[in-house]
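Presented below is the structure to which this report refers.
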Amino acid sequence: MLIDRTHRVWMAVTLVLLAAATVAYGVYARSSPEGPRGGSVPGMLFGIVASLLMLFAGLLSLRKRFPAWRLGSVQSWLRAHIWLGLLSGPLILFHSGFQWGGLLEQIALGLALVVILSGVAGLALQHLLPRVMRDAIPAEAMFEQLPIVCARLQMSADQAISSVCGAATALAPAVEQGDPASLLAGFYRQQVRSFLDPLAKPQHPLADATRSGAAFHQIHLRLSADLQPCLEKLERLCAERRNLLLQAKMHRWLHGWLLVHGPLSVALLVFGVAHVVTAFWY
Ligand code: HEM
Ligand code: HEM
(Lines give C-alpha, C1' and ligand atoms only; values in the text may rest on other atoms or scores of the structure.)
(Ligands and ions follow the chains in the order given, each with its own letter.)
Protein backbone atom coordinates (compact mmCIF):
# COMPACT_ATOMS: atom_id res chain seq x y z
CA MET A 1 0.00 0.00 0.00
CA LEU A 2 1.19 3.49 -0.89
CA ILE A 3 0.39 6.61 1.05
CA ASP A 4 -1.24 8.47 -1.83
CA ARG A 5 -4.21 10.78 -2.36
CA THR A 6 -6.66 8.08 -1.31
CA HIS A 7 -5.30 8.58 2.20
CA ARG A 8 -6.21 12.26 2.42
CA VAL A 9 -9.55 11.76 4.13
CA TRP A 10 -8.10 9.39 6.71
CA MET A 11 -5.16 11.68 7.33
CA ALA A 12 -7.48 14.64 7.84
CA VAL A 13 -9.82 12.67 10.13
CA THR A 14 -6.85 11.44 12.16
CA LEU A 15 -5.40 14.93 12.56
CA VAL A 16 -8.77 16.36 13.65
CA LEU A 17 -9.27 13.55 16.18
CA LEU A 18 -5.72 14.02 17.44
CA ALA A 19 -6.23 17.77 17.84
CA ALA A 20 -9.51 17.22 19.72
CA ALA A 21 -7.90 14.61 21.98
CA THR A 22 -4.93 16.89 22.66
CA VAL A 23 -7.21 19.75 23.69
CA ALA A 24 -9.28 17.42 25.89
CA TYR A 25 -6.07 16.10 27.47
CA GLY A 26 -4.81 19.64 28.11
CA VAL A 27 -8.03 20.63 29.85
CA TYR A 28 -8.08 17.42 31.88
CA ALA A 29 -4.40 17.64 32.86
CA ARG A 30 -4.78 21.24 34.09
CA SER A 31 -7.92 20.52 36.08
CA SER A 32 -6.55 17.49 37.94
CA PRO A 33 -4.67 18.61 41.07
CA GLU A 34 -2.56 15.43 41.23
CA GLY A 35 -1.83 15.41 37.52
CA PRO A 36 -3.33 13.08 34.91
CA ARG A 37 -3.62 9.43 35.98
CA GLY A 38 -4.49 6.25 34.13
CA GLY A 39 -7.08 5.42 36.77
CA SER A 40 -9.06 8.71 36.62
CA VAL A 41 -12.29 8.79 34.63
CA PRO A 42 -10.84 10.80 31.69
CA GLY A 43 -7.67 8.69 31.92
CA MET A 44 -9.66 5.49 31.63
CA LEU A 45 -11.71 6.94 28.77
CA PHE A 46 -8.46 7.58 26.88
CA GLY A 47 -7.33 4.04 27.70
CA ILE A 48 -10.59 2.53 26.44
CA VAL A 49 -10.62 4.53 23.19
CA ALA A 50 -6.95 3.79 22.50
CA SER A 51 -7.49 0.09 23.20
CA LEU A 52 -10.53 0.01 20.91
CA LEU A 53 -8.44 1.56 18.14
CA MET A 54 -5.79 -1.13 18.68
CA LEU A 55 -8.42 -3.86 18.66
CA PHE A 56 -9.82 -2.44 15.45
CA ALA A 57 -6.32 -2.44 13.92
CA GLY A 58 -5.95 -6.09 14.92
CA LEU A 59 -9.23 -6.93 13.17
CA LEU A 60 -7.44 -6.38 9.85
CA SER A 61 -6.00 -9.86 10.12
CA LEU A 62 -9.53 -11.31 10.47
CA ARG A 63 -10.68 -9.24 7.51
CA LYS A 64 -7.81 -10.60 5.43
CA ARG A 65 -8.60 -14.15 6.43
CA PHE A 66 -12.18 -13.79 5.20
CA PRO A 67 -11.90 -11.96 1.88
CA ALA A 68 -15.48 -12.79 0.91
CA TRP A 69 -17.02 -10.65 3.67
CA ARG A 70 -18.94 -7.69 2.32
CA LEU A 71 -17.39 -5.26 4.77
CA GLY A 72 -15.36 -2.88 2.66
CA SER A 73 -12.29 -3.86 0.66
CA VAL A 74 -9.09 -4.99 2.35
CA GLN A 75 -7.50 -1.82 0.94
CA SER A 76 -9.98 0.42 2.78
CA TRP A 77 -9.42 -1.57 5.93
CA LEU A 78 -5.69 -1.13 5.59
CA ARG A 79 -6.09 2.65 5.24
CA ALA A 80 -8.17 2.80 8.41
CA HIS A 81 -5.72 0.40 10.06
CA ILE A 82 -2.74 2.63 9.38
CA TRP A 83 -4.28 5.91 10.54
CA LEU A 84 -6.30 4.69 13.51
CA GLY A 85 -3.36 2.49 14.54
CA LEU A 86 -1.13 5.57 14.54
CA LEU A 87 -3.70 7.54 16.54
CA SER A 88 -3.75 4.87 19.25
CA GLY A 89 -0.14 5.85 20.09
CA PRO A 90 -0.70 9.37 21.44
CA LEU A 91 -4.02 8.35 22.99
CA ILE A 92 -2.40 5.64 25.08
CA LEU A 93 0.13 8.21 26.31
CA PHE A 94 -2.76 10.53 27.24
CA HIS A 95 -4.20 7.54 29.10
CA SER A 96 -1.07 6.96 31.15
CA GLY A 97 -0.46 10.70 31.63
CA PHE A 98 3.02 10.12 30.18
CA GLN A 99 3.84 7.85 33.15
CA TRP A 100 5.38 4.43 32.75
CA GLY A 101 3.61 2.55 35.56
CA GLY A 102 4.81 -0.84 36.81
CA LEU A 103 6.53 -3.61 34.87
CA LEU A 104 3.33 -4.84 33.23
CA GLU A 105 2.42 -1.34 32.01
CA GLN A 106 5.95 -0.77 30.80
CA ILE A 107 5.84 -3.96 28.75
CA ALA A 108 2.41 -3.09 27.31
CA LEU A 109 3.56 0.43 26.46
CA GLY A 110 6.81 -0.86 24.93
CA LEU A 111 4.90 -3.37 22.82
CA ALA A 112 2.52 -0.66 21.59
CA LEU A 113 5.50 1.44 20.60
CA VAL A 114 7.21 -1.42 18.75
CA VAL A 115 4.01 -2.46 16.95
CA ILE A 116 3.33 1.10 15.78
CA LEU A 117 6.94 1.76 14.76
CA SER A 118 7.19 -1.59 12.95
CA GLY A 119 3.97 -0.64 11.12
CA VAL A 120 5.62 2.56 9.94
CA ALA A 121 8.78 0.65 8.97
CA GLY A 122 6.81 -1.94 7.01
CA LEU A 123 4.97 0.76 5.16
CA ALA A 124 8.28 2.42 4.28
CA LEU A 125 9.46 -0.97 2.99
CA GLN A 126 6.40 -1.26 0.76
CA HIS A 127 7.21 2.16 -0.68
CA LEU A 128 10.56 0.78 -1.78
CA LEU A 129 8.99 -2.10 -3.71
CA PRO A 130 8.94 -1.83 -7.49
CA ARG A 131 5.72 -0.36 -8.71
CA VAL A 132 4.12 -3.50 -10.16
CA MET A 133 4.74 -5.46 -6.99
CA ARG A 134 3.45 -2.87 -4.58
CA ASP A 135 -0.26 -3.25 -4.54
CA ALA A 136 -0.58 -6.10 -2.13
CA ILE A 137 0.68 -8.90 -4.36
CA PRO A 138 0.95 -11.52 -1.64
CA ALA A 139 4.41 -12.98 -1.22
CA GLU A 140 3.02 -16.44 -1.96
CA ALA A 141 1.88 -15.35 -5.42
CA MET A 142 5.27 -13.76 -6.05
CA PHE A 143 7.01 -17.02 -5.22
CA GLU A 144 4.59 -19.00 -7.39
CA GLN A 145 5.15 -16.63 -10.32
CA LEU A 146 8.93 -16.60 -10.06
CA PRO A 147 9.64 -20.00 -11.72
CA ILE A 148 7.21 -19.20 -14.54
CA VAL A 149 8.80 -15.83 -15.28
CA CYS A 150 12.30 -17.35 -15.11
CA ALA A 151 11.30 -20.16 -17.46
CA ARG A 152 10.08 -17.51 -19.89
CA LEU A 153 13.40 -15.64 -19.68
CA GLN A 154 15.29 -18.87 -20.22
CA MET A 155 13.20 -19.80 -23.25
CA SER A 156 13.69 -16.38 -24.76
CA ALA A 157 17.45 -16.68 -24.26
CA ASP A 158 17.54 -20.23 -25.71
CA GLN A 159 15.79 -18.95 -28.83
CA ALA A 160 18.13 -15.97 -29.20
CA ILE A 161 21.25 -18.11 -28.91
CA SER A 162 19.97 -20.94 -31.15
CA SER A 163 19.13 -18.46 -33.89
CA VAL A 164 22.75 -17.34 -34.15
CA CYS A 165 24.67 -20.46 -33.15
CA GLY A 166 22.31 -23.25 -34.10
CA ALA A 167 20.55 -25.26 -31.41
CA ALA A 168 23.17 -27.99 -31.29
CA THR A 169 26.15 -25.68 -30.64
CA ALA A 170 24.15 -23.45 -28.31
CA LEU A 171 22.80 -25.98 -25.86
CA ALA A 172 24.85 -29.15 -26.12
CA PRO A 173 28.23 -29.03 -24.38
CA ALA A 174 30.12 -29.67 -27.60
CA VAL A 175 33.90 -29.51 -27.95
CA GLU A 176 35.00 -25.89 -27.58
CA GLN A 177 36.10 -24.30 -30.83
CA GLY A 178 37.91 -21.01 -31.09
CA ASP A 179 35.35 -19.18 -33.23
CA PRO A 180 33.20 -16.35 -31.81
CA ALA A 181 29.92 -18.27 -32.09
CA SER A 182 31.31 -21.10 -29.95
CA LEU A 183 32.67 -18.57 -27.49
CA LEU A 184 29.23 -17.00 -27.15
CA ALA A 185 27.58 -20.41 -26.85
CA GLY A 186 30.08 -21.47 -24.17
CA PHE A 187 29.51 -18.29 -22.16
CA TYR A 188 25.79 -18.87 -22.45
CA ARG A 189 25.97 -22.48 -21.28
CA GLN A 190 28.39 -21.88 -18.45
CA GLN A 191 27.09 -18.61 -17.00
CA VAL A 192 23.95 -17.11 -18.44
CA ARG A 193 21.69 -20.12 -18.52
CA SER A 194 22.34 -21.09 -14.90
CA PHE A 195 21.58 -17.50 -13.85
CA LEU A 196 18.25 -17.48 -15.66
CA ASP A 197 17.31 -20.64 -13.77
CA PRO A 198 14.63 -20.14 -11.08
CA LEU A 199 16.98 -21.74 -8.55
CA ALA A 200 19.91 -19.39 -9.29
CA LYS A 201 21.70 -18.35 -6.11
CA PRO A 202 21.96 -14.67 -5.14
CA GLN A 203 25.76 -15.30 -5.08
CA HIS A 204 25.82 -16.15 -8.81
CA PRO A 205 28.51 -14.03 -10.55
CA LEU A 206 25.92 -12.45 -12.86
CA ALA A 207 23.74 -11.46 -9.89
CA ASP A 208 26.10 -8.57 -9.28
CA ALA A 209 25.49 -5.80 -11.83
CA THR A 210 29.14 -4.69 -11.94
CA ARG A 211 30.58 -8.19 -12.32
CA SER A 212 27.94 -9.02 -14.89
CA GLY A 213 28.77 -5.85 -16.83
CA ALA A 214 32.47 -6.78 -16.83
CA ALA A 215 31.81 -10.39 -17.93
CA PHE A 216 29.56 -9.27 -20.79
CA HIS A 217 32.11 -6.65 -21.82
CA GLN A 218 34.86 -9.29 -22.04
CA ILE A 219 32.73 -11.36 -24.42
CA HIS A 220 31.60 -8.25 -26.31
CA LEU A 221 35.23 -7.43 -27.21
CA ARG A 222 35.75 -10.87 -28.77
CA LEU A 223 32.55 -11.20 -30.80
CA SER A 224 31.97 -10.31 -34.43
CA ALA A 225 29.37 -7.64 -35.20
CA ASP A 226 26.63 -10.08 -36.25
CA LEU A 227 26.68 -11.71 -32.79
CA GLN A 228 26.46 -8.47 -30.80
CA PRO A 229 22.63 -8.14 -30.88
CA CYS A 230 22.31 -11.63 -29.40
CA LEU A 231 24.78 -10.77 -26.62
CA GLU A 232 22.89 -7.56 -25.88
CA LYS A 233 19.66 -9.47 -25.64
CA LEU A 234 21.24 -11.93 -23.19
CA GLU A 235 22.49 -9.02 -21.10
CA ARG A 236 19.00 -7.52 -20.98
CA LEU A 237 17.53 -10.87 -19.89
CA CYS A 238 20.14 -11.11 -17.13
CA ALA A 239 19.19 -7.60 -15.96
CA GLU A 240 15.57 -8.75 -15.75
CA ARG A 241 16.65 -11.79 -13.79
CA ARG A 242 18.55 -9.53 -11.34
CA ASN A 243 15.42 -7.48 -10.92
CA LEU A 244 13.49 -10.63 -10.04
CA LEU A 245 16.11 -11.57 -7.45
CA LEU A 246 15.72 -8.15 -5.88
CA GLN A 247 11.96 -8.46 -5.82
CA ALA A 248 12.14 -11.89 -4.22
CA LYS A 249 14.47 -10.47 -1.59
CA MET A 250 12.12 -7.58 -0.84
CA HIS A 251 9.21 -9.96 -0.56
CA ARG A 252 11.17 -11.99 1.96
CA TRP A 253 11.74 -8.80 3.96
CA LEU A 254 8.07 -7.91 3.77
CA HIS A 255 7.22 -11.37 4.96
CA GLY A 256 9.74 -11.15 7.80
CA TRP A 257 8.47 -7.75 8.80
CA LEU A 258 4.88 -9.00 9.14
CA LEU A 259 6.25 -11.71 11.43
CA VAL A 260 7.36 -8.94 13.81
CA HIS A 261 4.38 -6.64 13.48
CA GLY A 262 1.63 -9.30 13.62
CA PRO A 263 2.70 -11.53 16.53
CA LEU A 264 3.81 -8.56 18.66
CA SER A 265 0.35 -7.07 18.23
CA VAL A 266 -1.03 -10.30 19.71
CA ALA A 267 1.40 -9.94 22.63
CA LEU A 268 0.18 -6.35 23.02
CA LEU A 269 -3.37 -7.61 23.31
CA VAL A 270 -2.37 -10.14 25.97
CA PHE A 271 -0.44 -7.58 28.05
CA GLY A 272 -3.16 -4.96 27.59
CA VAL A 273 -5.77 -7.34 28.98
CA ALA A 274 -3.45 -8.41 31.82
CA HIS A 275 -2.90 -4.73 32.68
CA VAL A 276 -6.62 -3.94 32.79
CA VAL A 277 -7.32 -7.00 34.93
CA THR A 278 -4.58 -6.19 37.45
CA ALA A 279 -5.42 -2.45 37.44
CA PHE A 280 -8.91 -3.25 38.66
CA TRP A 281 -7.96 -6.20 40.83
CA TYR A 282 -5.49 -4.36 43.05
C1 HEM B 1 -1.59 -0.80 17.75
C2 HEM B 1 -1.72 -0.72 16.49
C3 HEM B 1 -1.62 -1.84 15.49
C4 HEM B 1 -1.98 -3.16 15.56
C5 HEM B 1 -2.61 -3.88 16.75
C6 HEM B 1 -1.65 -3.76 14.29
C7 HEM B 1 -1.86 -5.08 13.95
C8 HEM B 1 -1.62 -5.64 12.71
C9 HEM B 1 -1.81 -7.02 12.35
C10 HEM B 1 -2.34 -8.12 13.29
C11 HEM B 1 -1.47 -7.16 11.05
C12 HEM B 1 -1.43 -8.45 10.25
C13 HEM B 1 -2.55 -8.59 9.31
C14 HEM B 1 -2.39 -9.92 8.62
O15 HEM B 1 -1.64 -9.99 7.65
O16 HEM B 1 -2.98 -10.88 9.07
C17 HEM B 1 -1.05 -5.87 10.56
C18 HEM B 1 -0.64 -5.61 9.27
C19 HEM B 1 -0.19 -4.38 8.84
N20 HEM B 1 -0.07 -3.24 9.60
FE21 HEM B 1 -0.57 -3.03 11.51
N22 HEM B 1 -1.10 -2.80 13.48
C23 HEM B 1 -1.07 -1.63 14.18
C24 HEM B 1 -0.58 -0.42 13.75
C25 HEM B 1 -0.09 -0.17 12.49
C26 HEM B 1 0.46 1.09 12.05
C27 HEM B 1 0.58 2.34 12.92
C28 HEM B 1 0.82 0.93 10.74
C29 HEM B 1 1.44 1.90 9.77
C30 HEM B 1 1.77 3.11 9.99
C31 HEM B 1 0.51 -0.42 10.37
C32 HEM B 1 0.72 -0.96 9.13
C33 HEM B 1 0.43 -2.25 8.77
C34 HEM B 1 0.62 -2.77 7.44
C35 HEM B 1 1.19 -1.98 6.24
C36 HEM B 1 0.23 -4.11 7.48
C37 HEM B 1 0.35 -5.10 6.34
C38 HEM B 1 -0.89 -5.32 5.61
C39 HEM B 1 -0.54 -6.07 4.35
O40 HEM B 1 -0.22 -5.44 3.37
O41 HEM B 1 -0.57 -7.30 4.40
N42 HEM B 1 -0.03 -1.07 11.46
N43 HEM B 1 -1.14 -4.99 11.60
C1 HEM C 1 -2.71 -1.42 25.63
C2 HEM C 1 -3.41 -0.56 26.29
C3 HEM C 1 -2.97 0.11 27.54
C4 HEM C 1 -1.71 0.51 27.93
C5 HEM C 1 -0.41 0.38 27.13
C6 HEM C 1 -1.85 1.13 29.23
C7 HEM C 1 -0.80 1.69 29.95
C8 HEM C 1 -0.93 2.21 31.22
C9 HEM C 1 0.16 2.79 31.98
C10 HEM C 1 1.58 2.96 31.47
C11 HEM C 1 -0.33 3.14 33.19
C12 HEM C 1 0.44 3.74 34.33
C13 HEM C 1 0.19 5.20 34.54
C14 HEM C 1 0.83 5.69 35.83
O15 HEM C 1 1.90 5.17 36.18
O16 HEM C 1 0.28 6.59 36.43
C17 HEM C 1 -1.73 2.78 33.22
C18 HEM C 1 -2.59 2.94 34.30
C19 HEM C 1 -3.88 2.52 34.33
N20 HEM C 1 -4.60 1.98 33.29
FE21 HEM C 1 -3.89 1.53 31.47
N22 HEM C 1 -3.16 1.07 29.62
C23 HEM C 1 -3.87 0.46 28.61
C24 HEM C 1 -5.23 0.21 28.60
C25 HEM C 1 -6.09 0.39 29.66
C26 HEM C 1 -7.50 0.15 29.64
C27 HEM C 1 -8.32 -0.34 28.44
C28 HEM C 1 -7.96 0.41 30.89
C29 HEM C 1 -9.37 0.24 31.36
C30 HEM C 1 -10.25 1.14 31.37
C31 HEM C 1 -6.85 0.85 31.70
C32 HEM C 1 -6.90 1.18 33.02
C33 HEM C 1 -5.88 1.70 33.75
C34 HEM C 1 -5.97 2.06 35.15
C35 HEM C 1 -7.20 1.88 36.02
C36 HEM C 1 -4.73 2.57 35.50
C37 HEM C 1 -4.31 3.06 36.87
C38 HEM C 1 -3.63 1.95 37.58
C39 HEM C 1 -2.90 2.43 38.81
O40 HEM C 1 -2.83 3.64 39.05
O41 HEM C 1 -2.38 1.56 39.50
N42 HEM C 1 -5.71 0.83 30.91
N43 HEM C 1 -2.06 2.21 32.01
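Quick notes on this structure:
- Helix-only [θ]222 nm of the chain, DSSP H runs n ≥ 4, -39500 (n - 2.57) each, per residue, nearest 500: -26000 deg cm²/dmol
- Element breakdown for the range 139-249 at a 1.4 angstrom probe: carbon and sulfur atoms account for 58% of the accessible area.
- Taken per residue, the accessible surface of the range 139-249 reaches 54 Å², heavy atoms only and a 1.4 Å probe.
- Sequence-distant lysines (8 or more away, or on other chains) whose Cα lies within less than 17 Å of LYS201: LYS249
- Those residues of the range 221-264 whose amide nitrogen sits under 12 Å from the label point placed on LEU18, 7 Å along Cα→Cβ: none
- Once the Cα-Cα distance is subtracted from the 0.36 nm per residue extended length, the ALA274 to MET11 segment shows a gain of 91.5 nm.
- Treating r as the C-beta distance of LEU45 and TYR282 and R0 as 25 Å, the FRET efficiency rounds to 0.75.
The values are calculated or read from the model by the stated rules, or taken from the named source; none is laboratory data. These figures come from a predicted structure and were not determined experimentally. Reconstructed Cβ throughout: ideal geometry from the backbone, glycine too, with neighbour counts over all protein chains shown. Note: accessible area is taken over every heavy atom of the protein model, side chains too, but ligands, DNA and RNA are not part of it. Shrake-Rupley method; radii C 1.70, N 1.55, O 1.52, S 1.80 Å.
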